[in-house]
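J.: Input: one structure, supplied below.
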Amino acid sequence: MKRYVALLRGINVGGNNLIRMSDLKSCLEDSGFSGVRTYIQSGNVIFGSTEPARNIAPAVEKALSTAFDYDAKVVVLSQRELATVVDGAPPRFGKSVEHRYNVVFLRSPATPKDVLSIVTPKEGVDEVASGKGVVYVSTLLRAATRSKLARIVGTEVYKSVTIRNWNTTQKLHALMSAADAE
């Protein structure tokens, strides 16, 4: 049994695609996933499966689309892939209270290069770095209104990403590790 996290895109935002986490949990359990656990309302769900990794995202998207009547898009990472994201963060990433830290998770066909062509850093405001399947974005809080991260919204590549803050990313990693230790 391998552990996975599904990062749902576009739910419970702006009154759209409203899904209660208890319903999300039930949906995935009914679809054959085990040890299902959700984390906060933004669509983060940890679960186990014996299915090959390549089958997980399509199975989750189909289950969600059917149960909640929307075109579900998810980014699914194995426990090892999420550990690579956390361990691969830039050296000072997440260390300053003067910055906001986000991780842009990519789903095919998006690549870090695609995101970086749109999210060019604003000098003195943003710092960006690519990782394996992600782009790390650090934004100076006092200048956040000048950040260029928002430029991604409305672009074609935006349909293939989901964004999580660094605290959520680390918490999901910790929850997956704890579930594995049980």
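J.: With respect to the numbered conditions (1) under 17 Å from the mean Cα position of the chain (by Cα); (2) in a helix (DSSP H, G or I); (3) surrounded by fewer than 17 Cβ atoms within 10 Å (Cβ to Cβ); (4) in contact (Cβ under 8 Å) with a residue 12 or more places away in the chain, which one is the sole condition not fulfilled by Ala144?
T.: Single failed check for Ala144: (1).
J.: Shifting gears a bit: Among what's in segment 63-88 and is without any contact (Cβ under 8 Å) to a residue 12 or more places away in the chain and either closer than 21 Å to Lys159 by Cα or in contact with a His (Cβ under 8 Å, 6 or more places away or on another chain) (or both), pick the residue that is surrounded by the fewest Cβ atoms within 10 Å (Cβ to Cβ).
T.: Looking at the filtered set, the residue picked out is Asp69.
J.: To continue, here is another question. Can you confirm whether segment 41-59 contains a residue that is charged (D, E, K, R) and in contact (Cβ under 8 Å) with a residue 24 or more places away in the chain?
T.: Within segment 41-59 (the criterion being charged (D, E, K, R) and in contact (Cβ under 8 Å) with a residue 24 or more places away in the chain), the answer is no, since none of the residues qualifies.
J.: Right, here's the next one. When only residues in segment 147-166 that are assigned to a helix (DSSP H, G or I) and without any contact (Cβ under 8 Å) to a residue 40 or more places away in the chain count, which is nearest to Leu82 (Cα to Cα)?
T.: Checked segment 147-166; the qualifying residue nearest to Leu82 (Cα to Cα) is Tyr158.
J.: Specify the residue that is nearest to Val86 (Cα to Cα); the eligible residues are those in segment 105-134 that are at pLDDT below 95 and of a type in the set (Val, Ile, Thr).
T.: Val128
The values are calculated or read from the model by the stated rules, or taken from the named source; none is laboratory data. The structure displayed is predicted, hence computed values, not measured ones. Using ideal geometry, Cβ is built from the backbone for each residue, glycine included, and neighbour counts are taken over all protein chains shown.
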